[in-house]
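Since the structure comes first, as structure tokens, the remarks are kept for the end.
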Amino acid sequence: MDVTGRYDKNWVDYQTRDNEFANTVMQIDADLSSLFHWNTKQLFVYAVAEYSTPTHPKNQIVIWDTVIKRKSNAVIRKKNIRNKYSLIDVKRKWTDVHANVSLHWNIVPYVGFMTYGHSEPSDAYAFPLPSGIQK
């Protein structure tokens, strides 16, 4: 999974202060067809960005998801996927934040318990500074 960090400003926050939010562009290349068997109804697949801050050592945000209902659709080869969900942090700023992204899945069975899995995280990427702001 390759991820490119991008930066934008969130002007639609409905709070008194502006929040920065990050846009990411991902490339996903995954073959999940081996997860399908006689008891697999569907897969819930999602990408998670994980990062740490001085006040919160582990933060995870779901940034993209999809439902796969057939084994024939379980090979994901997509480029330039934008995050579906905004990356907004409690501290309101993304400067100097490094994140790793990993692909997670839930196997939804016809009968029984759901099982979970995930890929290895991507290499850490830094959110770039907004243009015009000096470090």
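The values are calculated or read from the model by the stated rules, or taken from the named source; none is laboratory data. The model shown is predicted, which means the values in this text are computed figures rather than measured ones. Heads up, the Cβs are rebuilt from the backbone with ideal geometry, glycines too, and the neighbour counts pull from every protein chain shown.
Go through LYS71, LYS91 for me and flag whichever is of a type in the set (Lys, Arg) and at pLDDT below 85.
Going through LYS71, LYS91 in turn, the sole match is LYS91.
Of the residues in the stretch 65-85, how many are outside any strand (DSSP E or B), within 10 Å of the chain's Cα centre (by Cα) and not basic (Lys, Arg)?
2
On the given criteria, is VAL111 under 20 Å from LEU32 (Cβ atoms) and at pLDDT 90 or above?
no
Which of the following residues is outside any strand (DSSP E or B) and at pLDDT below 85: THR4, THR53?
Answer to the check: THR53.
Please specify each residue of the stretch 18-44 satisfying the condition of being buried (at least 17 other Cβ atoms within 10 Å of the Cβ), of a type in the set (S, T, N, Q) and within 12 Å of LEU87 (Cβ to Cβ).
Passing the criteria: ASN19, THR24.
Starting from the stretch 72-95, keep only residues that are closer than 22 Å to GLN42 by Cα, then list their pairs with residues that are in a loop (DSSP other than H, G, I, E, B) and at pLDDT 90 or above whose Cβ atoms are within a distance under 8 Å, requiring at least 6 positions of separation or different chains.
Going by the 8 Å Cβ cut-off, the qualifying pairs are ALA74/LEU32; ALA74/PHE36; VAL75/LEU32; ILE76/LEU32.
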